[in-house]
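The structure under discussion appears below in the form of structure tokens.
Every number in this text was worked out from the coordinates using simple rules, so none of it is lab data. The structure displayed is predicted, hence computed values, not measured ones. So basically every Cβ, Gly included, is an ideal-geometry build from the backbone, and we count neighbours across all protein chains shown.
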Amino acid sequence: MDFTVMSYNILAQDLLEDNMELYRHCRLEVLDWDYRCNILLEEICRWAPDILCLQEVQENHYDTQLYPALTQMGYNCAYKKRTGNKTDGCATCYRSNCFSEVSVTLLEFFRPETELLDRHNVGIVLLLRPLVYQGSKVSAKGSLLCVANTHLLFNPSRGDVKLAQLAIMLAEIDSVVKSWKAKGEHCNVILCGDFNSVPHMPLYQLITTGELYFQGIPAWMVSGQKNLSHKTDCHRLFAPLWPSSLGISDNCQYVTASEVDESHSPIVCPGGKLQYSHNFLLKLRFCSVSCVRPSDLQVIPGVTDNTPDMSSRKQPYVQRFGPIIRHQLDLESIYNHTLLDCNHSEVTTLHCEGGATVDYIFYSPERTLSSDQAAGGKFGSEGLKLVGCLSLLSGDALWSMEGLPNHTFPSDHLCLLAKLRLDLNAPS
């Protein structure tokens with residue numbers, strides 16, 4: 001089954017009007033929302049993607065214009081507005097004649113109990129199953145497809161926040177994949193969005209290599225959007241990157257309450273006082289003083305003759321959260337980030353302050369099964385095969401078209417489009 005995926009930051013009108021200095025090169029008519037909306041819908045209709053991941057989707061425009069038009073084109077849609085007073089969010093849409101929806105999770109990265117996560121970005125994780133037509137019969141068949149869509153924080157100096165937001169996204173995807181693997185089903189992953197990070201920098205490396213050694217690196221270097229090395233007070237990253245109260249390990253996986261060191265996550269009660277849980281207080285039974293047997297203690301079999309096993313005590317969270325963060329998802333970028341014909345860098349966004357690549361489609365690449373997997377009764381390969389993608393442009397080419405937005409492209413971002421092949425007979 002071949003299917004297409006589009007990822008597109010469509011530039012919310014409220015954000016455009018709040019940052020008009022970025023678009024002083026543009027003709028006024030191309031900044032009008034109704035004008036941009038018509039071009040946007042024409043572009044979506046032209047490419048007709050089977051899966052569509054949008055960012056910077058303004059809520060009132062989604063309700064009154066985009067959702068009605070997309071449903072008329074045959075899409076089912078999920079939308080999540082950013083929290084707080086933000087007016088835009090993310091939307092993930094899929095053709096109802098290509099996929100059936102298994103589940104949808106709307107993620108909020110703002111966590112009031114965690115000082116680090118005080119920004120209002122969001123994400124969507126959608127689980128789909130392909131629809132197969134055999135004559136007049138329609139059936140859901142083949143590997144599951146986990147489609148994730150997000151827009152990470154822009155601030156170039158807050159790489160620590162970006163990594164924590166990404167960890168939430170990866171933990172949710174990992175949870176979906178593992179839950180279906182436990183049921184004997186393989187789940188391919190597509191991760192789309194505006195990551196506000198340039199290629200080959202630490203955040204990108206974490207996604208594509210599965211690990212990142214972060215100890216001591218400047219926070220601005222995580223995304224590489226701006227070189228802030230001239231600043232003498234640059235914040236640097238040290239373990240743990242986020243508090244245990246987030247419930248996510250340094251493997252970007254959810255952890256159970258029993259695995260979290262509660263000494264670092266007291267409950268905040270009304271009035272600002274801290275209160276430790278009963279389970280935490282019980283741990284004090286095994287402090288060093290409690291393990292010293294008084295000389296006059298009467299020995300009672302089964303009561304006072306036992307010594308607490310200190311080896312079973314979990315390491316403190318700071319020790320368990322090491323200088324490396326990892327994830328177990330096998331992901332590659334659809335794009336190479338360099339134009340083949342001229343060796344210039346691809347650009348996905350451009351305005352008066354310059355152009356860069358910050359938008360991506362990551363996917364589970366096709367892998368041949370190991371001999372151990374083949375011995376277990378599985379044969380062939382798993383993953384998605386990249387058939388092709390829509391070429392991006394260089395910054396010079398876009399400036400020759402009067403920059404972005406213009407009469408051809410309605411946003412300050414270009415759309416990313418890829419064709420992927422899913423083996424419906426792949427082992428589950």
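Pop a pseudo-label 7 angstrom from the Cα along the beta-carbon direction at both His230 and Asp2 and give the gap in nm to one decimal.
With each label point 7 Å from Cα toward Cβ, the separation is 5.0 nm.
What order do you get for His327, His337, His407 when you list them from fewest to most C-beta neighbours inside 10 Å?
Working: His327 23, His337 16, His407 12.
Ascending Cβ contact count within 10 Å gives the list His407, His337, His327.
Which distance in nm do the two modelled labels at Trp47 and Gln298 give, with both placed 7 Å along the Cα-to-Cβ direction?
Reported label-point gap for Trp47 and Gln298 is 8.1 nm.
Would you kindly derive the ³J(HN,Hα) couplings of the range 182-188 from the backbone phi angles with the Karplus curve 6.51 cos²θ - 1.76 cosθ + 1.60 (θ = phi - 60°), listing them in order in whole Hz, with x for Gly and Pro?
Computed from phi, the couplings for the range 182-188 are 5, 8, x, 10, 7, 10, 7 Hz.
Quick one: if the Förster radius is 56 Å, what FRET efficiency do Met73 and Thr368 give, using the C-beta to C-beta distance and rounding to 0.05?
Approximately 0.90, to the nearest 0.05.
Around Gly210, with a cut-off of 10 angstrom between Cβ atoms, what is the net charge of the other residues, counting Lys and Arg +1 and Asp and Glu -1?
-1
Could you compute the net charge surrounding His25? Neighbours are other residues with a C-beta less than 12 Å from the C-beta of His25; K and R count +1, D and E count -1.
Here the charged neighbours net out to -2.
Once both labels are modelled 7 Å past Cα along the beta-carbon direction, what's the Ser391-Thr64 spacing in nm?
4.0
Go ahead and run the numbers for FRET between Glu17 and Glu113, Cβ-Cβ distance against an R0 of 30 Å, rounding to 0.05.
With R0 = 30 Å, the Cβ-Cβ based efficiency is 0.35.
Based on the Cβ-Cβ distance of Leu28 and Lys181, what FRET efficiency does E = 1/(1 + (r/R0)^6) give at R0 = 60 Å, to the nearest 0.05?
0.70
Under the rule of at least 5 residues apart or a separate chain, name every residue whose amide H is placed under 5 Å from the amide H of Cys389.
Lys419
Students often get this wrong: which residues of the range 383-404 have the backbone nitrogen under 13 Å from the point 7 angstrom along Cα-to-C-beta of Asn336?
389, 391-392
Over the Cα atoms, compute the radius of gyration (one decimal) and Dmax (the largest Cα-Cα distance, rounded to a whole number) for the range 1-158, in Å.
Expressed in Å, the Cα Rg and Dmax of the range 1-158 come to 17.4, 56.
Return the sequence-ordered ³J(HN,Hα) values of the range 99-106 in whole Hz as given by the Karplus equation 6.51 cos²θ - 1.76 cosθ + 1.60 applied to θ = phi - 60°, using x for Gly and Pro.
9, 10, 7, 9, 7, 9, 10, 9
Here are some pairs, Lys80/Lys419; Lys86/Lys226; Lys80/Lys141; Lys178/Lys419; Lys141/Lys162; Lys226/Lys419; which of them have Cα atoms lying more than 30 Å apart in this structure? Walk me through the numbers before you get to the answer.
Details: Lys80/Lys419 26 Å; Lys86/Lys226 25 Å; Lys80/Lys141 28 Å; Lys178/Lys419 26 Å; Lys141/Lys162 36 Å; Lys226/Lys419 32 Å.
Pairs exceeding 30 Å: Lys141/Lys162; Lys226/Lys419.
Relative to the compact globular guide of 2.2 N^0.38 Å, what is the alpha carbon radius of gyration of the range 98-200, as a ratio? Don't jump to the answer; show the numbers that get you there.
On the way: Rg = 16.4 Å, N = 103, 2.2 N^0.38 = 12.8 Å.
The range 98-200 yields a ratio of 1.28.
Starting with the fewest neighbours, write out Val347, Val222, Val102 ranked by other beta-carbon atoms found within 10 Å of each beta-carbon.
Val102, Val347, Val222
Tell me, His230, His151, His120 in order of fewest to most beta-carbon neighbours within 10 Å? It would help to have the intermediate numbers written out before the result.
On the way: His230 6, His151 27, His120 16.
Ranking His230, His151, His120 by Cβ neighbours within 10 Å, fewest first, gives His230, His120, His151.
For the range 169-180, just list the computed ³J(HN,Hα) in residue order, Karplus coefficients 6.51, -1.76 and 1.60, θ = phi - 60°, integers in Hz, with x standing in for Gly and Pro.
Running phi through 6.51 cos²θ - 1.76 cosθ + 1.60 with θ = phi - 60° gives 5, 5, 5, 5, 4, 4, 5, 5, 4, 5, 5, 7 Hz.
When Lys and Arg each count +1 and Asp and Glu each count -1, what net charge do the other residues less than 14 Å away from Lys178, Cβ to Cβ, add up to?
Neighbour charge sum, excluding Lys178 itself: -2.
Between the range 387-411 and the range 74-147, what's the alpha-carbon centroid distance in Å?
So the separation of the two Cα centres works out to 27 Å.
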